Amino acid sequence: MAGWKSPEQMTYVGKEVTRVDGAEKVSGRAKYTHDVYFPRMLYARILRSPHPHAQVISVDTTRAEALTGVKAVLGKLRDEVNYVGDEVAAVAAVTEFKAAEALSLIKVEYKVLPFVVRESEAMRDSAARVFSGREKNVGDWEEEHEGDVERGFAEAEVIIERTFHMNVQVHTPFETHGCVAKWEGDELYMWDSTQGVHGTRSGLAQHLQMPENKIHIYTHHMGGGFGSKFGPKSYNAVCAQLARIANVPVKLLLDREEELLATGNRPSSFQTIKIGARKDGTLTAFQLESYGSGGVGGGAGVPAPYIYYFPNWSVRHRDVYINAGAAAPMRAPGHPQAAFAMDSIMDELAAALGMDPLDLRLKNDRNSTRQQEYVIGAEKIGWTNRHKSRVGHKVRGFGMGAGQWGGGGERSTKAMVNIYADGSVDVRIGTQDIGVGTRTIVAAVAAEELELDLADIKPKIGESDFPWAPASGGSVTAPSVTPAVKRAAEKAKNKLKSIVAEKMGVAEDAVSYAGKIFSISGRAENISWQEACRFLEGSSISELETWGEGLSSWGTAGTQFAEVEVDIETGRVRLVKMVAVQDCGLVVNTLTARNQVNGAMIGEIGYALYENRLLDVETGIMPNADLENYKIPGALEMPDFDVTFFDQHERGVIGLGEPPAIPGMGAIANAVADAIGVRITELPITPDKVLMAIEKAKEGKA
Amino acid sequence: MVLLDYLRTIRRLTGTKEGCREGDCGACAVLIGELKNDAVAYKVVNSCLLPMGLAAGKHIVTIEGLTADANPIHRAFIDEHASQCGFCTPGMIIALTAYLLSAVKIKAEEAIDALDGNICRCTGYLSIKRAVAAVCADLSPKLDSNRIDDLVKAAVIPEYFKTMPKQLRSIRQPRGDQHPTDALIAGGTDLFVQQAETLETAELYFLEKMQHPVWEEDGVCFLDAAATIADLKESEFLQELFPRLGEMISLISSTPIRNKATVGGNLVNASPIGDLSILLLALDASLHLSGHVQERCIKLREFFVEYKKINLAAHEIIKSISFKTPDESVLFNFEKVSKRRHLDIAGVNSALLLRPEDGLIKEIHISAGGVAPIPLYLAQTSVFLTDKKVEPNTVMKAVQIAESEISPISDVRGSAEYKRALLGRLLQAHFIALFPDLMREVIV
């Protein structure tokens, strides 16, 4: 089958294509899961634990069940609760307020147990146990090494050792987790805000012990996920069960507090790194000891040593459990943590060596793409002419960071292309658009292959009854979906070609297709797309095809630079400018790709400067479980962004969701260190940390 | 019931979204239009915090109520890919429409400021800013005579908007009844965050605004307690008194919140970090309270007793706030530090009023928030500085005195140590802002 044409030869792929569902979104007509309503539908709420750790002795729902308007109750969802916000019971009632009132009538007898929410404390043998009955709160050490790290440090002329601490970021999609469950006989129809309709179906089938062919999941429009919505989650099953009990549709939407407490987050990370180098900047050794916590979940490890070449290294990591909501994958899991620490210590090393941080990276980064990207980025930010300027109490600084990501397509992705007798076309694929514009690239690739107008194609996605596609995460969507759609469209086109050949009484290879016209070699007459499709009357073409090699690839490299202004009177950091240089193979839609990078970068700014899930050591409560106190960046915090795509279209389609979410924290932290002359080793870089660091440095000098 | 629930669950107008239910994201933004003279003035508000009673007699416009065909805002948002997941988009478009309806002169930069109450988690805002700039460039030459007519012509709002003044005049404007009720509501922007469930079924009494939000009598400036923060910003009288008023007020919350939150509500809330409390403490304001039996007047600095406890009897309400109209010689400054510059609660904030005379500080009032359980009037510091000369040494001494007056605690907004240090910096910042020449050596 054919590969991609070069971008200049394509009409929709590699171009700025506005989203096909744009009109629905801007007019408020787009129906998200939150917007699904049915007659007689009930509203469900989940009762959540006020304790960070407790045994649930009993759950008495008698009074809740007696409340007028309450239609279904699920008591005692688990025997032990392990964080504030853990699920205890659930009800469905005629309104959300009625359901909330019912929750207040449920009497739960808890046996409150000791808990721990601070990682350093949880690791101690004497610490309270996060899970009753488990011997310890830590996972096993995961160790890896290469070369001889002792020898590497012996060869080093400069050795730096630092400890870094990364905060917990919460995904905070704007549409909170939620679903609507509706039973028809023994079939379950569920509208869910999920990143994976197929995964949700199969997981739910297992959980509810029913066949997959009786579950139908719909995600037509979705208000973001960022990795937190790989379903099914427990609320899906709770909602389905309540709907079965009540025998009417039930809607269960989490509120913002629940979203912040119990739907996932990016794990914390504590990394003690030692690196060694020769005086000329050649890295000789790397050693990492790290731990981190995904709350009651795991996955706090980091890829190390990150991106730079060390001949000798050793790393060891272990997960620590604490009584907090479980982590979930979040935009490039593990990589931002790794990159922040590595880029921070690289700058410390550069300072110790008296070397330009850029030169140190050029010397030790063996990725040929990034080698070129560094040069482009440096020029864009004005690296060589940069100088630490100071106006009054505002000081500017510059920094850089880098990252990598895999991505790549899922082989078993399938798409179906239907061509109808009236000439119209639809493409069915069980992917979902978490916001990025998947529907648009499905239409664009089909239109490109069939040489039709975008408006001729109806992309149908977001239903588990459509052919299998992976969950939208890990930057796999575009490289999975586009090859399958292209190949299915090509197969359907060839099918139509063969029908034309048959009708015209010629051999298949005598028919060619271009620009909506079928022509027959040696004959003068042409057959239009419309005319050809009319041959299908009484039938249609339905071609299913899988993903295939050669159209997509994996592996990306990127770098970002930041210019900051620090107010040394108040400690406030303002981003002045950020530059990103990023490769992602063939950019399918330049308009949406640019947004992906911008969006990732503002996420980085939040992570670096504002966002932090706090936990109170005394009570285990998250004191900032609302948007008033868990601050995400607004429009006015935006610096000037300069995004360059490093063109490698010949590599085919590679995903872009994760890569640009990695290098920014290091770049920002390095820029702050450059400005104030002191390094902040703990994110987020809040005004108090900056001001206290400046004060401390002053005392040190005095 | 709040407007958001009415729109979504009863009217099934689902374009208005619920993002946080605490006025911090703007996904639920709607336009509220009320009669002002002979026209309808439109503002953006958060429907999640608006009780239905406050919508009575008003023109409420949701995203579905804007022109859908060929709306230039829609076009720009699509063309620039300003709608990614799209959940925040209707609120953004409503906020921009409110700006177009109310701004005297359309400027892209101001239009972006008008989105200070809207959060987007996907786009990084650049595409939104491009869309806003495109809309402003497209529309500003077209908006000259009658704003409503022009925006109808530009396909932003539908034809029927022209008939709204007549329609609103024809309905009887609701009158608050005087029966005992469960809760008094002014703006409701904090009450409906704190007590949403209780208020859902409570009997509410809505405080009414006076004819004028701001007035002057015998050299004393009065603010209606029910005046919104936006009313203050729009008051020409206050603008003249405080040339930096717009800038100061833009640091308080966000546009949709300022459109509903009231002066009195801000004081009664008694947040130790309330921006308005801090501003009014430095103005040495007085409160005029009315109760069942009698009226009384107290100093604002006597109003805050301890954390969230105020000098107000159960039956009393704040009617108005007054302060001596500052004459031309009076200097005033406000400083606030928060993580985010906008729509964020301060870590520490401070205001200072100073009247110089013959090279001395004749009168001075300093306030500070976030450093005590109550919005703090720095009495000893103010007394110390009275009759002193502005000199770096004196200011440093004042900082020390201020530090003895405060008792900050560590919380989500910063450590006690940081707040202590920051207050010192802010006190210096006041003097640096007001006396850059005298304080030169401190700056360097």
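The values are calculated or read from the model by the stated rules, or taken from the named source; none is laboratory data. Just so it is clear, the model here is predicted, and its values are computed rather than measured. Heads up, the Cβs are rebuilt from the backbone with ideal geometry, glycines too, and the neighbour counts pull from every protein chain shown. Heads up: the accessible areas ignore ligands, DNA and RNA and are worked out on the full protein's heavy atoms, side chains in. Shrake-Rupley method; radii C 1.70, N 1.55, O 1.52, S 1.80 Å.
Scanning the stretch A:481-492 for residues that are crowded, with 20+ Cβ neighbours inside 10 Å and of a type in the set (Lys, Arg) turns up at least one hit. Does B:Val263 meet the test of being buried (at least 18 other Cβ atoms within 10 Å of the Cβ) and closer than 30 Å to A:Asn629 by Cα? Yes; evaluated as a whole, the condition is true for this residue.
Restricting the stretch B:318-346 to residues that are in contact with a Gly (Cβ under 9 Å, 6 or more places away or on another chain) and open to solvent by 40 Å² or more (accessible area, probe 1.4 Å) leaves a set whose member that is modelled with the lowest pLDDT is B:Arg341. A:Gly599 meets the conditions (1) of a type outside the set (Val, Ile, Thr); (2) buried (at least 24 other Cβ atoms within 10 Å of the Cβ); (3) more than 9 Å from chain B (Cβ to nearest Cβ) in every case but one. The failed one is (3). Residues that are away from chain B (no Cβ under 14 Å), touching a helix residue (DSSP H, G or I) at 6+ places or on another chain (Cβ under 8 Å) and either under 21 Å from A:Gly606 (Cβ atoms) or small (Gly, Ala, Ser) (or both) do occur in the stretch A:283-290. A:Pro211 passes all but one of (1) within 14 Å of another protein chain (Cβ to nearest Cβ); (2) without any contact (Cβ under 8 Å) to a residue 24 or more places away in the chain; which number fails? Failing condition for A:Pro211: (1). Can you name the residue in the stretch A:613-633 that is facing another protein chain (nearest Cβ under 9 Å) and in contact with a Phe, Trp or Tyr (Cβ under 8 Å, 6 or more places away or on another chain) and is also nearest to B:Ala114 (Cα to Cα) among such residues? Ranking the candidates gives A:Pro633 first.
Scan the stretch B:123-155 for residues that are within 14 Å of another protein chain (Cβ to nearest Cβ) and open to solvent by less than 10 Å² (accessible area, probe 1.4 Å) and jot them down. So that I can check it myself, show each step before the final result.
Kept after step one, since they are within 14 Å of another protein chain (Cβ to nearest Cβ), are these residues of the stretch B:123-155: B:123-135, B:155.
Those that are within 14 Å of another protein chain (Cβ to nearest Cβ) and open to solvent by less than 10 Å² (accessible area, probe 1.4 Å): B:Thr123, B:Gly124, B:Tyr125, B:Ser127, B:Ile128, B:Ala131, B:Val132, B:Val135.
Among the numbered conditions (1) under 23 Å from B:Val45 (Cβ atoms); (2) touching a Ser or Thr at 6+ places or on another chain (Cβ under 9 Å); (3) not assigned by TED's automatic domain parsing to the domain that holds B:Val220, the only one that B:Ser277 does not meet is (3).
Conditions tested, residue by residue: (1) small (Gly, Ala, Ser); (2) open to solvent by 30 Å² or more (accessible area, probe 1.4 Å).
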| residue | (1), (2) |
| --- | --- |
| B:Ile361 | no, no |
| B:Val371 | no, no |
| B:Pro375 | no, no |
| B:Lys397 | no, yes |
| B:Glu403 | no, yes |
| B:Val412 | no, yes |
| B:Ser415 | yes, yes |
| B:Phe431 | no, no |
| B:Leu438 | no, yes |
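Every condition in (1) open to solvent by less than 30 Å² (accessible area, probe 1.4 Å); (2) modelled with pLDDT of 95 or more holds for A:Gly406 except the one numbered (2).
With respect to the conditions (1) touching a helix residue (DSSP H, G or I) at 6+ places or on another chain (Cβ under 8 Å); (2) open to solvent by 10 Å² or more (accessible area, probe 1.4 Å), B:Ile93 lacks only one, and its number is (2). For the stretch A:267-298, a residue qualifies if it is closer than 29 Å to A:Arg45 by Cβ, in a strand (DSSP E or B) and open to solvent by less than 10 Å² (accessible area, probe 1.4 Å), and exactly one does: A:Gly294.
Filtering the stretch A:580-595 to residues that are crowded, with 24+ Cβ neighbours inside 10 Å, more than 8 Å from chain B (Cβ to nearest Cβ), farther than 21 Å from A:Ala338 by Cβ and polar (S, T, N, Q) leaves only A:Asn589.
Among the residues making up the stretch A:67-114, those that are in a loop (DSSP other than H, G, I, E, B) and among the hydroxyl-bearing types (Ser, Thr, Tyr) are A:Thr68, A:Tyr83, A:Thr95. Between B:Leu49, B:Leu54, the distinction of being more than 7 Å from chain A (Cβ to nearest Cβ), more than 18 Å from B:Ile112 (Cβ to Cβ), touching a Ser or Thr at 6+ places or on another chain (Cβ under 8 Å) and touching a residue at least 40 places away in the same chain (Cβ under 8 Å) belongs to B:Leu49 only.
Which of the residues spanning the stretch A:363-390 are assigned to a helix (DSSP H, G or I) and of a type in the set (Lys, Arg)? Don't jump to the end; show me each part of the working.
Our first condition is that a residue be assigned to a helix (DSSP H, G or I); within the stretch A:363-390, this holds for A:363-364, A:368-381.
Listed by number, the residues that qualify are A:Lys363, A:Arg370, A:Lys380.
For A:Asp365, state whether it is modelled with pLDDT of 95 or more and open to solvent by 10 Å² or more (accessible area, probe 1.4 Å).
Details: modelled with pLDDT of 95 or more: yes; open to solvent by 10 Å² or more (accessible area, probe 1.4 Å): no.
So A:Asp365 does not fit the description; no.
Residues in the stretch B:372-422 that are aliphatic (A, V, I, L, M), under 23 Å from B:Lys362 (Cα atoms) and in a helix (DSSP H, G or I): how many? Show your work before the answer.
Keep residues of the stretch B:372-422 that are aliphatic (A, V, I, L, M), which gives B:372, B:374, B:376, B:378-379, B:383, B:385, B:390, B:395-396, B:398-399, B:401-402, B:406, B:409, B:412, B:416, B:421-422.
The next check asks that each one be under 23 Å from B:Lys362 (Cα atoms); those that pass are B:376, B:378-379, B:383, B:385, B:390, B:395-396, B:398-399, B:401-402.
Filter again for in a helix (DSSP H, G or I), leaving B:379, B:383, B:385, B:395-396, B:398-399, B:401-402.
Result for the stretch B:372-422: 9.
The sole residue among B:Asp190, B:Asp182 that is open to solvent by 60 Å² or more (accessible area, probe 1.4 Å) and outside the structural domain of B:Ala41 (by TED's automatic domain parsing) is B:Asp182.
Yes or no: the stretch B:101-112 includes at least one residue that is surrounded by fewer than 24 Cβ atoms within 10 Å (Cβ to Cβ), in contact (Cβ under 8 Å) with a residue 40 or more places away in the chain and more than 11 Å from every other protein chain (Cβ to nearest Cβ). So far as the stretch B:101-112 goes, yes, one or more of its residues are surrounded by fewer than 24 Cβ atoms within 10 Å (Cβ to Cβ), in contact (Cβ under 8 Å) with a residue 40 or more places away in the chain and more than 11 Å from every other protein chain (Cβ to nearest Cβ). On the given criteria, is A:Val417 open to solvent by less than 30 Å² (accessible area, probe 1.4 Å), over 24 Å from the mean Cα position of the chain (by Cα) and outside the structural domain of A:Ala600 (by TED's automatic domain parsing)? So A:Val417 passes the test. For the stretch B:409-429, residues that are over 23 Å from A:Lys698 (Cα atoms) and either more than 13 Å from chain A (Cβ to nearest Cβ) or touching a residue at least 40 places away in the same chain (Cβ under 8 Å) (or both) total 1. Against the conditions (1) open to solvent by 30 Å² or more (accessible area, probe 1.4 Å); (2) touching a residue at least 24 places away in the same chain (Cβ under 8 Å); (3) under 22 Å from B:His212 (Cα atoms), B:His315 satisfies every one except (3).
For the stretch A:169-190, taking the residues that are part of a loop (DSSP other than H, G, I, E, B) and open to solvent by 10 Å² or more (accessible area, probe 1.4 Å), the one that is nearest to the other protein chains (Cβ to nearest Cβ) is identified as A:Gly185. So which residues in the stretch A:428-458 are open to solvent by 10 Å² or more (accessible area, probe 1.4 Å) and either within 19 Å of A:Thr590 (Cα to Cα) or of a type in the set (Gly, Ala, Ser) (or both), if there are any at all? Selection gives A:Ile434, A:Val436, A:Arg439, A:Ile441, A:Glu448, A:Glu449, A:Asp453, A:Leu454, A:Ala455. When B:Asp69, B:Asp24 are checked against the criterion of being open to solvent by 10 Å² or more (accessible area, probe 1.4 Å), in contact (Cβ under 8 Å) with a residue 40 or more places away in the chain, over 30 Å from A:Lys98 (Cα atoms) and of a type outside the set (Gly, Ala, Ser), a single residue qualifies: B:Asp69.
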